[in-house]
1. State whether the stretch 29-129 is rounded, prolate or oblate according to the following rule on the C-alpha gyration tensor (a ≥ b ≥ c being the square roots of its eigenvalues): a/c under 1.5 gives rounded; otherwise a/b larger than b/c gives prolate, and the remaining case gives oblate.
2. Please report the antiparallel percentage of DSSP beta bridges with both residues in the chain, rounded to the nearest 5.
3. Ordered by packing density, taken as the mean number of other Cβ atoms within 10 Å over each peptide's residues, highest first, how do 110-117, 84-91 rank?
4. Which one of A71, A108, A18 has the biggest mean-square fluctuation once the chain is modelled by GNM with Cα springs under 10 Å?
5. For A23, which sequence-distant residues (separation of 5 or more, or a different chain) have an amide H within less than 5 Å of its own amide H, given hydrogens modelled in the peptide plane?
6. Quick check for me: using +1 on Lys/Arg Cβ and -1 on Asp/Glu Cβ, what's the dipole size of the chain about its Cα centre, in debye to the nearest 20?
7. Can you give me the relative contact order of the chain as a percent, contacts being Cα pairs under 8 Å and 6 or more apart?
8. Ordering T42, T52, T26, T65 from largest to smallest accessible area (1.4 angstrom probe), what's the sequence?
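The values are calculated or read from the model by the stated rules, or taken from the named source; none is laboratory data. Here the structure is a predicted model, which means the values were calculated and not measured. Cβ sites come from the backbone with ideal geometry, for glycine too, and all protein chains shown count toward neighbours. Side chains are part of the model used for accessible areas, which takes the heavy atoms of the whole protein and leaves out ligands, DNA and RNA. Shrake-Rupley method; radii C 1.70, N 1.55, O 1.52, S 1.80 Å.
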Amino acid sequence: AATLPVLAHAQEAKPALALELNAIDTLGESCRLTFVLQNTMTTDVDKLVAETVLFSADGGVVLLTLFDFGALPVGRPRVRQFQVPEQSCDALGQVLVSGVDTCQIGGAPNGACQNNLSLSSRVRIQMAG
């Protein structure tokens, strides 16, 4: 009987720039979003700025903004927080990363951030992209 070769690379995790919405906290009349980022690509990211849209729980657009996640070295997790003024966390339903505004690798613009972006959420607010 013929057997098919097993491709070793099929089991390996694809290099990614993992962006997880890890926690949300209402602070007065603001919502603080806490993200955990992990770069498993083969090179450091000098700067990542994401085009982000926040939606209400009923699907309405609340805010279009840029989140500057800064530098993301390979293999070293980073935590970033952003405060959304005049918006309770209870009213938010989704965070959409609609694109990458800035991705710099080796001091030059690069498409690797957009191509390798992996989104997830540990809270009730969904991440989409």
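1. prolate
2. 80
3. 110-117, 84-91
4. Top of the fluctuation ranking is A108.
5. T34
6. With only Lys, Arg, Asp and Glu charged at Cβ, the dipole is about 380 debye.
7. 31
8. Output order, biggest surface exposure first: T42, T26, T65, T52.
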